[in-house]
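Worksheet: the structure to be examined is printed underneath.
The values are calculated or read from the model by the stated rules, or taken from the named source; none is laboratory data. Predicted, not measured: the structure shown is a model, and the values here were computed from it. Please note: Cβ atoms are built from the backbone with ideal geometry, for glycine as well, and neighbour counts cover all protein chains shown.
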Amino acid sequence: MRYKYAIRSAIQGVARHKSRSALTILGIVIGVASIILIQSVGSGAQGLILDQVQGLGSLTVTIMPGRPQSGPADGANSFSDSIKDREVEAIRNTANVPGLTNVTPTLFIPGSTAYGTETYEGTIYGTAPGFASILSLEVAEGDFITDQDVDARASVAVIGHTVREELFGESDALGQRIRIGNRSFRVVGILEEKASALFVEPDKVVIVPYTAAQSYLSGSDYYNMVFGQAVSEDQLDAVQADIERTIRDLHDITDPEKDDFDVGTQKELAAQIGTITDILTYLLSSVAAISLVVGGIGIMNIMLVSVTERTREIGLRKALGARSGDVLSQFLIEAVILTSVGGIIGIIAGAVFSLLAAFALSTFVGLNWSFSFPVTAAVIGIGTSAAVGLIFGLYPASQAAKKSPMEALRYE
Amino acid sequence: MSLIEVKDLRKVYGEEESQTVALGGVTFAIEKGEFVSIMGPSGSGKSTLLQILGFLDKHTGGTYVFEGKSSEQYEDDELAAIRNEKLGFIFQAFNLLPKTTVLENTVLPLMYSDVPEREWEPRGRRAIEAVGLGHRINHETGKLSGGEKQRAAIARALVNDPEVIFADEPTGNLDSRSGQMVMRTIQELNEKHGHTVILITHESATAEHAHRIIRIRDGRIESDEPVRNRRRADEAFDK
């Protein structure tokens, strides 16, 4: 029964000092708001990246040179030359890997493309016809590169929408000759506009046959990545195992730990990216959680001042019959009310800022960003704020409860 | 059995060498329904005595028996309950909560009692009307005059219908007219409602409203005599 009145006294206590109460809870508001914002933006970013991974198609298999990455990239992988024609031929052989089609060896070459006085800086993709179906690229004008182009090392190029605009403006691009590196290539196709998928921005690509890229641009005989597609989803695991076995045989590797290549699927990639963004989100959230502790200390500080300042009130209450327990619960409840209100305001502020961020990212940056409200984080946020009030309010409240009614009345 | 009995009551502040003796052994008894003034100059120990009698502070020697039970036998929470149910306090500085109404202040002791909530308002209202403050019931205490503030404090002191009302210099912060009104209210509480009143003051004019005056000086009783020509606050007020 008495707790009801302790709650009432606490509400009155908070309401009597409105501006101080507002300042007191600011730390909690900021802490909870940043946790909500980070969680919401984190899950938005994750959704965005996973969308791109899914753009790769669930049947896609990638083979990359270098050790499988278990932690952060160590740089050496990018320069590994373990995937060459020999390996590509071996996995193309249906006797080795029966369920794999569309084997597409690919090189990524940073460089510039020029037409007349206009130049475009970007990545040149040396690849095969299968690249179009794997990334679902559509040709707007002309044709994609063909197997004949690959076999003939033809100096032909397919360019993305943005590249076309940068180099040619309004004039005709098809059939024109552009300069890539030191060699002249004929534009045979222009891609349709398309949103980016798996870190490839189709509007910004310059695609040439991989044979031509090796001979005229990179001067090397290895590939940065080989794409392929499994014939069906149930064959995906078998295909992955077959590729691994084939290349291990070729490289005389008996211990899978010593692999000098990495076979990946969309599912794996999605899981990896999910883990990375989760870790980032938790890391940032724990930084934000520190501000809750700081906010809690602020509350303790102001509550201590408040207890001193309200010594007379405490003494009066005790003189009128309040027990130490009544005073303790009143001040403890005041602290919990303050932090909980702070938590609720923080959740609202965090949701508003996340919504604004989502709006800005999708409207001004043009990302396919979806807003999500992190319900779990909100529940944890309120719970944590209340707990912060309980923990940091305990000391000031016990100081208040300890005061003798006589000392309290004498205090001027 | 007297309501209050003290024997050789002592109060010493501080440790060892820096000790201050506030009460050096006082003995008296107060009967139910009495109106007693405790009078003395500042530093005489009269406030210390009131704090001990009101269970706001603890004595360091002698005995204090309240309603036949020695004060040492009470736990802290029992003392809180006694202060709540049996004692009412009126302070020189009013000690009202700011930014709350007269009614809210008056019902404050009820919050710490077993009185059910539905009785709070009627009881608060009755107490406020008893001190003649009915027209100010929902006013914020900060906006009242000094005399009105003290009467609001009296309403709070009697809302729980206490056995004893302690008044510590109740007129000290008031002009003489407001002081007279407060004294009239206190006299009425004693005579019409039968509350025992213990009044602390340094003015003999105020002290003479009681049946009996205990004079203290330097922590000891100087005299303990009945008042022969008792002052009537209502007469003085009517003049």
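Kindly establish whether B:Val159 is away from chain A (no Cβ under 13 Å) and surrounded by 24 or more Cβ atoms within 10 Å (Cβ to Cβ). Steps first, please.
On the way: away from chain A (no Cβ under 13 Å): no; surrounded by 24 or more Cβ atoms within 10 Å (Cβ to Cβ): yes.
It is false that B:Val159 is away from chain A (no Cβ under 13 Å) and surrounded by 24 or more Cβ atoms within 10 Å (Cβ to Cβ).
Out of contact with any Gly (no Cβ under 6 Å at 6 or more places or on another chain), within 30 Å of B:Gly142 (Cα to Cα), more than 13 Å from chain A (Cβ to nearest Cβ) and at pLDDT below 90: is that true of B:Ser47 in this structure?
Details: out of contact with any Gly (no Cβ under 6 Å at 6 or more places or on another chain): yes; within 30 Å of B:Gly142 (Cα to Cα): yes; more than 13 Å from chain A (Cβ to nearest Cβ): no; at pLDDT below 90: yes.
Here the answer is no, as B:Ser47 does not meet what is asked.
Considering only residues that are closer than 19 Å to A:Ser306 by Cα and aromatic (Phe, Trp, Tyr), look in region A:347-403 and name the one that is surrounded by the fewest Cβ atoms within 10 Å (Cβ to Cβ).
Across region A:347-403, the extreme among qualifying residues is A:Tyr395.
Let me spell it out: the conditions are (1) modelled with pLDDT of 90 or more; (2) of a type in the set (D, E, K, R); (3) outside any loop (DSSP other than H, G, I, E, B), and B:Glu17 meets all of them except one. Which number is the exception?
Going through the list (1) modelled with pLDDT of 90 or more; (2) of a type in the set (D, E, K, R); (3) outside any loop (DSSP other than H, G, I, E, B), B:Glu17 breaks only (1).
So which residues in region B:208-223 are in a strand (DSSP E or B), farther than 8 Å from B:Val26 by Cβ and in contact with a Phe, Trp or Tyr (Cβ under 8 Å, 6 or more places away or on another chain), if there are any at all?
Passing the criteria: B:Arg212, B:Ile214.
Out of the residues in region A:286-333 that are β-branched (Val, Ile, Thr) and either within 21 Å of B:Glu85 (Cα to Cα) or under 38 Å from the mean Cα position of the chain (by Cα) (or both), state the one that is farthest from the other protein chains (Cβ to nearest Cβ).
In the first step, residues of region A:286-333 are kept if they are β-branched (Val, Ile, Thr); the result is A:287, A:290, A:293-294, A:297, A:299, A:302, A:305, A:307-308, A:311, A:314, A:327, A:333.
Restricting the remaining residues to those that are either within 21 Å of B:Glu85 (Cα to Cα) or under 38 Å from the mean Cα position of the chain (by Cα) (or both) gives A:287, A:290, A:293-294, A:297, A:299, A:314, A:327.
Details: A:Val287: 40, A:Ile290: 36, A:Val293: 32, A:Val294: 30, A:Ile297: 28, A:Ile299: 22, A:Ile314: 11, A:Val327: 10 Å.
Result: A:Val287.
Among the residues of region A:245-261, write down those that are among the acidic types (Asp, Glu) and closer than 19 Å to A:Asp85 by Cβ.
First, pick out the residues of region A:245-261 that are among the acidic types (Asp, Glu): A:249, A:252, A:255, A:257, A:259-260.
Residues satisfying the conditions are A:Asp249, A:Asp252, A:Asp260.
When both residues are 6+ apart or on different chains and their Cβ atoms are under 9 Å apart, which pairs have a first residue that lies in region A:361-379 and is within 20 Å of A:Ile49 (Cβ to Cβ), and a second that is of a type in the set (Phe, Trp, Tyr)?
As it stands, the answer is A:Leu361/A:Trp369; A:Ser362/A:Trp369; A:Ser362/A:Phe371; A:Trp369/A:Phe359; A:Phe371/A:Phe359, since those pairs meet every condition given.
When region A:174-217 is examined, which residues are found to be of a type in the set (Ser, Thr, Tyr) and buried (at least 18 other Cβ atoms within 10 Å of the Cβ)?
Listed by number, the residues that qualify are A:Tyr210, A:Thr211, A:Tyr216.
Can we say B:Arg151 is of a type in the set (D, E, K, R) and away from chain A (no Cβ under 13 Å)? Full working, then the answer.
Working: of a type in the set (D, E, K, R): yes; away from chain A (no Cβ under 13 Å): yes.
When the stated conditions are applied, B:Arg151 passes them.
I'd like the residue in region A:1-39 that is more than 19 Å from A:Ile290 (Cβ to Cβ) and buried (at least 22 other Cβ atoms within 10 Å of the Cβ) and, out of all such residues, is nearest to the other protein chains (Cβ to nearest Cβ).
Within region A:1-39, the subset more than 19 Å from A:Ile290 (Cβ to Cβ) is A:1-23.
Filter again for buried (at least 22 other Cβ atoms within 10 Å of the Cβ), leaving A:6, A:9.
Working: A:Ala6: 9, A:Ser9: 7 Å.
Per the criteria, the residue is A:Ser9.
Output the residue which, of all residues in region B:85-109 that are within 20 Å of B:Asn173 (Cβ to Cβ) and assigned to a strand (DSSP E or B), is nearest to the other protein chains (Cβ to nearest Cβ).
Only one residue tops the list, namely B:Phe89.
Among the helices (runs of 4 or more DSSP H) contained in region A:106-214, which hold 3 or more residues that are more than 25 Å from A:Val226 (Cα to Cα)? First the steps, then the outcome.
Numbers: elements: A:130-134, A:147-151, A:161-168.
Of the helices (runs of 4 or more DSSP H) lying wholly inside region A:106-214, those with at least 3 residues that are more than 25 Å from A:Val226 (Cα to Cα) span A:161-168.
Going by the structure shown, is B:Phe55 part of a loop (DSSP other than H, G, I, E, B) and either surrounded by fewer than 14 Cβ atoms within 10 Å (Cβ to Cβ) or among the aromatic types (Phe, Trp, Tyr) (or both)? Spell out the reasoning first.
Values: part of a loop (DSSP other than H, G, I, E, B): yes; either surrounded by fewer than 14 Cβ atoms within 10 Å (Cβ to Cβ) or among the aromatic types (Phe, Trp, Tyr) (or both): yes.
Spelling it out, B:Phe55 is indeed part of a loop (DSSP other than H, G, I, E, B) and either surrounded by fewer than 14 Cβ atoms within 10 Å (Cβ to Cβ) or among the aromatic types (Phe, Trp, Tyr) (or both).
Could you list, in sequence order, all residues of region A:218-232 that are in a loop (DSSP other than H, G, I, E, B) and surrounded by fewer than 19 Cβ atoms within 10 Å (Cβ to Cβ)?
Start the filter on region A:218-232 by keeping residues that are in a loop (DSSP other than H, G, I, E, B), which leaves A:219-221, A:223-224, A:231-232.
Selection gives A:Gly219, A:Ser220, A:Asp221, A:Val231, A:Ser232.
Please work out which one of (1) assigned to a strand (DSSP E or B); (2) under 17 Å from B:Ser178 (Cβ atoms) is the condition B:Val197 fails and give its number.
Just one mismatch for B:Val197, condition (2).
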